[in-house]
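Here the structure comes first, spelled out in structure tokens, and everything after it is commentary.
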Amino acid sequence: MDTRVFDEELTKEGLRERVLQHLTYGIGKDAPHASLHDWRMALSLAIRDKVVNAWFASTRRTWAEGRKRVYYLSMEYLIGRILEDAAINLGLEEMARGVVEDLGLDWRQLVEEEPDAALGNGGLGRLAACYMESMATLGCPAYGYGLRYEHGLFRQRFENGQQVETPEDWLTSLNPWEFDRPESAYTVGFKGHVETKGGRDVWVPGETVIASAFDTPVVGWQGRWANTLRLWAAKPTTLFDLERFNHGDYAAAAEPEALARTLCRVLYPDDTTYQGKELRLKQEFFLTSAALQDILRRYLTEHSDLRRLPEKVAIQMNDTHPAVAGPELVRLMMDDHGADFADAMEVAQKVLGYTNHTLLPEALERWSTYLFGNVLPRHMQIVEKIDSWHRHAHPSRPHYVGIVKHHEVRMGELAFVMSHKVNGVSALHSDLVKETLFPELNELHPGRIVNQTNGVTPRRWLNLCNRPLATLIDATIGTGWQADLDRLAELEPHVEDAGFRQEFMAAKRANKLALAGWIKERCGVTVSPDALFDVQVKRIHEYKRQHLNILQTIAHWHAIRQTPDAEWVPRVKIFGGKSAPGYWVAKEIIHLINDVAQVVNNDPVVGDRLKIIYPANYNVSMAEHLIPAADLSEQISTAGKEASGTGNMKFMLNGAPTIGTLDGANVEIREQVGEENFFLFGMTAQEVMNRREDPDHARHAIEASQPLQDVLQMIVEGRFSPGDTSRYNGFVDRMWNSDYFLAASDFAAYDAAQAQVDAAFADPDRWARMAALNTARGGFFSSDRAIRGYMKDIWYTESAL
Ligand code: 26W
């Protein structure tokens, strides 16, 4: 059965007609006076009409068939642009392009006029966006719940090489993809106290706000299914406290409005360091409570017995940020629906799942019981009840296993205890979750921790962003791989064919040429498309070791200068990424990269042999430019620290071999692609732990490497900070004396691996094989595979298609 749902077969004429209709009656503009922005809005609305058809059909089917729904709770969705993705998924891209060109407009310009929806920091948020797209593609009935931040992730600029943040304002112009749903609104409380009425505890909040829904449809491949991303905006419960105002208390009169305005104003720009701020806890509860109220309301329109909730509902917590879902679900069932504690616990545990995305201790959320009890007094009681229930259920457990410890609520332990499944995001990471993060809980609850290796959507990360390669794949194995990525394996026999390899590298070269033009325009630097494009793009963090990369780049520059006439493989080093605004060490690394770029890019001795490019404001759209043009993927984190990585998978699919450590999903990438097609270096997670036993590991490593000593010497002498020799004293001092992430200890191995990369790249035929095999063997890393895993092992749900 063809499940595509169009109200009519759309022709190019028909689409053009719809665009003009929307321009006139939706946007209120006359064609001769319409700007590029107006046209983009009109086209978006026309495409959206088609999305809506698929959306309604899916929603009707879900109701009619009484299907179980998946609810994905996430504080972040790093979506990027929507128009081109929706057009491609609906098979309307060519037609839309034609319409746009006939109007005398440039398709790329029009598409790129759309601001990125940047409601996320990095990996966790982008994963949520990929998973929403895959759930739609697979016909898994699902809702994503999140917050409608007024300002997404800050914009990054460089001033004298240093990061400067400015606010992001994606909502200043109308968002054509969302539907305001003021009728879907819930009251969310904070603070106040707990009263006992008729033997029951009830919460009397001291503050309340309204959560009001905005829905964005998410359409899957070929428009066969569409789900809802429901983002909550905060509104004041009373617009204005007239009584207080009349008494002259103007500030107090505006209080309800002020709380509502601040709640969803900004996305917290920290990934990996948890800050313990009251507003953040309020945001987390606001999202979670609104979502749970919505979920129960939907369930109760069709069913009456909450004990059977797990048959129809699966709720996934994206890290611990929505972990208050456990106590909130128990509270709603007990206090609002009269359930007893035992029943409420059983239901909550069957319904909830928890995905862990990080082992870094500074990222694990722990709220002081003072703050938690103040903002959520009833939840504090319930958390303590859960803790003591768990203790009594497992009397033999070690005394130090607890949810509330040292006057803190540990959200990881809470999420674990409240879930039927806890998952890590790569094989290695899931093992480490068992062994190092929750060893005791794992022993008490064997089988609860499972693995679901991350994936990325091939629609955006290959088909959309890399048209030259996608076209070649279509021509070689036929279309259809977009929704069945294992089929990329059919490319493998063709890799033996010299003609195919040539075409594969021609596609890569087309992308590199386009990127070279983009770099010239954005950064004013000329780079050769024949050079090796070596790319590290991700948030800046010490554990991701951008500093290891720039240190080795300096060593390489120094080596070129010593023997400029040797046969150097020309390289373009490309960096991209933001630092958390308060993370000074990361900001220093950014400054150093930019300082080194200044010197290297203007060094006449080096010329084209080495260039360093760091375009400001890396985001999803920039990734779509950079990744298809990459020759080499830098995945060089300290082993044991990167939970999975997902950029690594995008590079692989786009034919860029990895230089990397045995960390996160790199391990599985190497297994899939074969060790001969992966540039491995560095210590293993176990070796890292052992190495740290030596308090002088950094000094020993530096003393053993003359190139590294030379590099640190050049930095400390001010070679890259002329006139300011003390700029990097702190950096160099940390390298010698602490170096917690072991950049020094892995330096020599990294340098040697880079030499192997050069040797491989110098042999074009060998390189072409490696690159093509990365694509051919990348099928495993589709987010469709990952979502199928969640559906089978955690959500117990089936496709509606
Ligand atoms: C509360 C502060 C905070 C905010 C965000 C702490 C931690 C986070 C995230 C869990 C950090 C994150 O994005 N983790 C990344 O998740 C990706 C998707 O699973 C993985 O691929 C990355 O390895 C992991 O760093």
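The values are calculated or read from the model by the stated rules, or taken from the named source; none is laboratory data. Here the structure is a predicted model, which means the values were calculated and not measured. Neighbour counts run over all protein chains shown; Cβ positions are idealised from the backbone, glycine included. Remember, those area values only see protein heavy atoms, side chains included, never the ligands or the DNA or RNA. Shrake-Rupley method; radii C 1.70, N 1.55, O 1.52, S 1.80 Å.
Residues that are touching a helix residue (DSSP H, G or I) at 6+ places or on another chain (Cβ under 9 Å) and open to solvent by less than 10 Å² (accessible area, probe 1.4 Å): list the helices (runs of 4 or more DSSP H) wholly contained in the range 416-527 that include at least 1 such residues.
Per the criteria, 439-444, 467-477, 492-495, 498-523.
Only one residue in 84, 94 is acidic (Asp, Glu), surrounded by fewer than 20 Cβ atoms within 10 Å (Cβ to Cβ) and either assigned to a helix (DSSP H, G or I) or touching a helix residue (DSSP H, G or I) at 6+ places or on another chain (Cβ under 8 Å) (or both). Which one?
From the options 84, 94, the qualifying one is 94.
Within the range 714-738, can you find the residues that are in a loop (DSSP other than H, G, I, E, B) and of a type outside the set (Ser, Thr, Tyr)?
717, 718, 719, 720, 722, 723, 724, 727
Name the residues in the range 738-791 that are open to solvent by 50 Å² or more (accessible area, probe 1.4 Å) and in contact with an Asp or Glu (Cβ under 9 Å, 6 or more places away or on another chain), would you?
Correct list: 740, 762, 769, 777, 780, 785.
So residue 582 ticks every box in (1) part of a helix (DSSP H, G or I); (2) exposed (fewer than 14 other Cβ atoms within 10 Å of the Cβ) but one. Which box is left unticked?
Answer for residue 582: the failing condition is (1).
Would you pick out the residues in the range 685-737 that are open to solvent by less than 60 Å² (accessible area, probe 1.4 Å), out of contact with any helix residue (DSSP H, G or I) (no Cβ under 8 Å at 6 or more places or on another chain) and of a type outside the set (A, V, I, L, M)?
718, 724, listed by residue number.
Of the numbered conditions (1) open to solvent by 10 Å² or more (accessible area, probe 1.4 Å); (2) in a helix (DSSP H, G or I); (3) under 25 Å from residue 730 (Cα atoms), residue 549 fails exactly one; give the number of that condition.
Answer for residue 549: the failing condition is (1).
As an exercise: evaluate residue 359 against (1) in contact (Cβ under 8 Å) with a residue 40 or more places away in the chain; (2) touching a Leu at 6+ places or on another chain (Cβ under 9 Å); (3) more than 19 Å from residue 274 (Cβ to Cβ) and give the number of the one condition it does not meet.
(3)
Within the range 335-366, can you find the residues that are within 16 Å of the ligand (Cβ to nearest atom), touching a strand residue (DSSP E or B) at 6+ places or on another chain (Cβ under 8 Å) and hydrophobic (A, V, I, L, M, F, W, C)?
The answer is 364, and nothing else.
Report the residue count in the range 220-230 for those that are under 22 Å from the mean Cα position of the chain (by Cα) and either open to solvent by 10 Å² or more (accessible area, probe 1.4 Å) or polar (S, T, N, Q) (or both).
Residues meeting the conditions: 4.
Please determine, by comparing only the residues of the range 295-317 that are under 22 Å from the mean Cα position of the chain (by Cα) and away from the ligand (no atom under 12 Å from the Cβ), which one is farthest from residue 416 (Cα to Cα).
The residue in question is 314.
Name the pairs: first residue in the range 331-356 and under 23 Å from residue 793 (Cα atoms), second residue open to solvent by 30 Å² or more (accessible area, probe 1.4 Å) and of a type in the set (A, V, I, L, M), Cβ to Cβ under 8 Å, at least 6 apart or on different chains?
Pairs that qualify, where the first residue is under 23 Å from residue 793 (Cα atoms) and the partner is open to solvent by 30 Å² or more (accessible area, probe 1.4 Å) and of a type in the set (A, V, I, L, M), are 356/437.
Looking at 513, 432, 462, 472, which one is touching a Pro at 6+ places or on another chain (Cβ under 6 Å) and either in contact (Cβ under 8 Å) with a residue 12 or more places away in the chain or more than 16 Å from the ligand (Cβ to nearest atom) (or both)?
Going through 513, 432, 462, 472 in turn, the sole match is 513.
For the range 739-801, which helices (runs of 4 or more DSSP H) that fit wholly inside it have 2 or more residues that are hydrophobic (A, V, I, L, M, F, W, C) and farther than 14 Å from residue 657 by Cα?
Ranges flagged: 743-761, 783-790.
Criterion first (modelled with pLDDT of 95 or more and within 22 Å of residue 636 (Cβ to Cβ)) does residue 698 satisfy it?
Against the criterion (modelled with pLDDT of 95 or more and within 22 Å of residue 636 (Cβ to Cβ)), residue 698 qualifies.
Using the structure shown, decide if residue 297 is exposed (fewer than 15 other Cβ atoms within 10 Å of the Cβ) and at pLDDT 95 or above.
yes
Go through the range 99-206 and tell me which strands (runs of 3 or more DSSP E), entirely inside it, have 1 or more residues that are surrounded by fewer than 19 Cβ atoms within 10 Å (Cβ to Cβ) and more than 16 Å from the ligand (Cβ to nearest atom).
Because the criterion is at least 1 residues that are surrounded by fewer than 19 Cβ atoms within 10 Å (Cβ to Cβ) and more than 16 Å from the ligand (Cβ to nearest atom), the strands (runs of 3 or more DSSP E) in the range 99-206 that meet it are 155-159, 162-166, 179-190, 193-197, 200-204.
Restricting to the range 435-457, count the residues that are farther than 29 Å from residue 342 by Cα and within 16 Å of the ligand (Cβ to nearest atom).
So the count comes out to 7.
With respect to residue 612, is the statement that it is closer than 18 Å to residue 754 by Cα and not in a loop (DSSP other than H, G, I, E, B) true?
Answer is yes for this residue.
How many of the residues making up the range 182-206 are at pLDDT 95 or above and over 15 Å from residue 377 (Cα atoms)?
Qualifying residue count for the region: 6.
For the range 627-665, how many residues meet the condition of being assigned to a helix (DSSP H, G or I), near the ligand (Cβ under 10 Å from one of its atoms) and not aliphatic (A, V, I, L, M)?
Count: 2.
Got a number for residues in the range 242-294 being closer than 20 Å to residue 186 by Cα, crowded, with 17+ Cβ neighbours inside 10 Å and away from the ligand (no atom under 16 Å from the Cβ)?
Number of matching residues: 12.
Please determine whether any residue of the range 529-539 is open to solvent by less than 10 Å² (accessible area, probe 1.4 Å), in a loop (DSSP other than H, G, I, E, B) and within 16 Å of the ligand (Cβ to nearest atom).
no
So is residue 648 free of Cβ contacts under 8 Å to residues at least 60 places away in the same chain, surrounded by 23 or more Cβ atoms within 10 Å (Cβ to Cβ) and closer than 16 Å to residue 777 by Cα or not?
Here the answer is yes, as residue 648 does meet what is asked.
Among the numbered criteria (1) more than 16 Å from the ligand (Cβ to nearest atom); (2) within 22 Å of residue 462 (Cβ to Cβ), which single criterion is violated by residue 63?
Going through the list (1) more than 16 Å from the ligand (Cβ to nearest atom); (2) within 22 Å of residue 462 (Cβ to Cβ), residue 63 breaks only (2).
Output the residues belonging to the range 585-615 that are over 32 Å from the mean Cα position of the chain (by Cα) and surrounded by fewer than 17 Cβ atoms within 10 Å (Cβ to Cβ).
Those that are over 32 Å from the mean Cα position of the chain (by Cα) and surrounded by fewer than 17 Cβ atoms within 10 Å (Cβ to Cβ): 602, 603, 604, 605, 607, 608.
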